[in-house]
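Quick notes on the structure that follows.
The values are calculated or read from the model by the stated rules, or taken from the named source; none is laboratory data. Just so it is clear, the model here is predicted, and its values are computed rather than measured. All Cβ positions, even for glycine, are placed from backbone atoms using ideal geometry, and neighbour counts span all protein chains on display. Surface areas here come from the heavy atoms of the whole protein model, side chains and all, with no ligands, DNA or RNA. Shrake-Rupley method; radii C 1.70, N 1.55, O 1.52, S 1.80 Å.
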Amino acid sequence: MIRFVHFSDIHVFQADAAWKPRDYLTKRLTGFFNQKYLPRGKQFREAVEVLKRLVDDLYSRKPDMILFSGDATTLGVEEEFAIAAEVLRVGAKDAPPGLAVPGNHDYYTRHSYEAGLFEKYFAPWLQGDRVDQHTYPYGRQAGPFYILGVNSSQPRRWWWDSSGMVGLPQLERLKRLLQKPEAMASPKILLTHYPIALSDGKPERRHRRLKDLAALLEVIREHRVGLWLHGHRHKPYHVKPEEHQPMHALCVGSGTQESLWTYAEYTFDGKKLHIEHRAYQPHPKRFEKVNNIILPHEIH
Ligand SMILES: [Fe+2]
Ligand SMILES: [Fe+2]
């Protein structure tokens, strides 16, 4: 029996974050306007408060491993990373081990990406086996499973472009990581930000989708990865295996978006995967169990 908790898309926003001249030439400007004045911003106005409750609940479950699939921030600025990492207690000595991958908002501008802000603040949750010292992908044993942290996010210039990309060099490294004896001997789980498909099984719109999905699928199918865990979409859902995609895919949704605020606990009992969704209840301001789904345990 092993238990993981999985959360995503917490989208911390810090309106008072400092501006540098270079920021005015990036999509941070449109992103800031959208967040401050459009409905999307309102959906996350309680994000930090709800995140604190999520952390209380999640740590009280005493999981074997914490999994975070990205979008810690809204505009990828340092102040947002600092708040997210502090509230999440990243690196706290008494906390269970964590694994994380960045979301597209964590690389919101080229500066966020090049400065490695996500990697700096989430370093304790990025520990694992690597290929040639590259940050991504990385692999880590968790009980009987081998978890693969793959970065599917890239900085994009235009505000309307939120497409993702793993990239050929990372795919080549992923193949090499999958050939390590620990990976070959264990059932494998992929942790990444972007989804395999929408909740109805259809592909995402062109400017939102993972552009090299087919190439990633080919690698993980060949190496028999049994489960795909992700975020990016803010509502939880499950995509069942099909011929071209022979693994279950679980979207955990957003941990903090108003009315959606959910995270998941996965218990593997050797035969089945029990998924418990826990959602925030504004009264009495805590996370509670909202459903329980059981999947046949087909991760091998
Ligand atoms: Fe998101
Ligand atoms: Fe995202």
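Per-structure values
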item: Two-site label geometry, residue 292 and residue 110: point separation in nm, points 7 Å out along Cα→Cβ; result: 5.2
item: Equivalent-ellipsoid semi-axes of the range 1-107, from the Cα gyration tensor, Å, largest first; result: 28, 14, 12
item: Sites residue 198 and residue 133 - FRET efficiency at Förster radius 30 Å, r taken between beta-carbons, to 0.05; result: 0.25
item: Signed unit charges on C-beta, dipole axis of the chain, positive-most listed residue 159, 95, 144; result: 159
item: Point-to-point label distance, residue 176-residue 237, nm (Cα→Cβ direction, 7 Å offset); result: 3.7
item: Extension gain from residue 161 to residue 2, taking 0.36 nm per residue of separation minus the Cα-Cα distance; result: 53.4 nm
item: Percent of beta bridges antiparallel (DSSP, the chain, rounded to nearest 5); result: 60
item: Over the chain, relative contact order from alpha-carbon pairs under 8 Å, at least 6 apart, %; result: 20
item: Around residue 127: net Lys/Arg minus Asp/Glu count, Cβ-Cβ under 13 Å; result: 0
item: Loop chymotrypsin sites (Phe, Trp or Tyr not before Pro), the range 89-171 (other Cβ atoms within 10 Å of the site Cβ: 16 or fewer; DSSP); result: 158, 159, 160
item: Difference of contour (0.36 nm per residue) and Cα-Cα distance, residue 281 to residue 206; result: 23.5 nm
item: Top positive-direction residue, dipole computed over the chain with Cβ charges, set 260, 280, 295; result: 260
item: Value of Rg/Rh across the range 151-260 [Cα atoms, Kirkwood radius]; result: 0.97
item: Loop chymotrypsin sites (Phe, Trp or Tyr not before Pro), the range 1-93 (other Cβ atoms within 10 Å of the site Cβ: 14 or fewer; DSSP); result: 19
item: Of 58, 197, 135, farthest towards positive along the dipole that unit charges on Lys, Arg, Asp, Glu beta carbons give the chain; result: 197
item: Rounded FRET efficiency, nearest 0.05, which uses the C-beta distance separating residue 272 from residue 22 and R0 of 51 Å; result: 0.50
item: Translational diffusion coefficient (Stokes-Einstein; Kirkwood radius from C-alpha pairs) of the chain at 10 °C, 1.306 mPa s, in µm²/s; result: 83
item: Centre separation in Å (Cα based) which lies between the range 65-92 and the range 213-240; result: 23
item: Loop-exposed trypsin sites (Lys or Arg not before Pro) per DSSP, neighbour cap 10 Cβ within 10 angstrom, longest uninterrupted part of the chain; result: 1-92
item: Theoretical gain in end-to-end length, residue 40 to residue 56 [0.36 nm per residue, Cα-Cα removed]; result: 3.2 nm
item: Lys, Arg +1 and Asp, Glu -1 on Cβ, resulting dipole of the range 2-296 about Cα centre, debye, nearest 20; result: 400
item: Total formal charge among the other residues, if their Cβ is under 14 angstrom from that of residue 258, Lys/Arg +1 and Asp/Glu -1; result: +3
item: Carbon/sulfur fraction of accessible area - the chain, other protein chains in place, 1.4 Å, %; result: 51
item: Surface accessible to a 1.4 Å probe, residue 225 within the full protein complex, Å²; result: 10
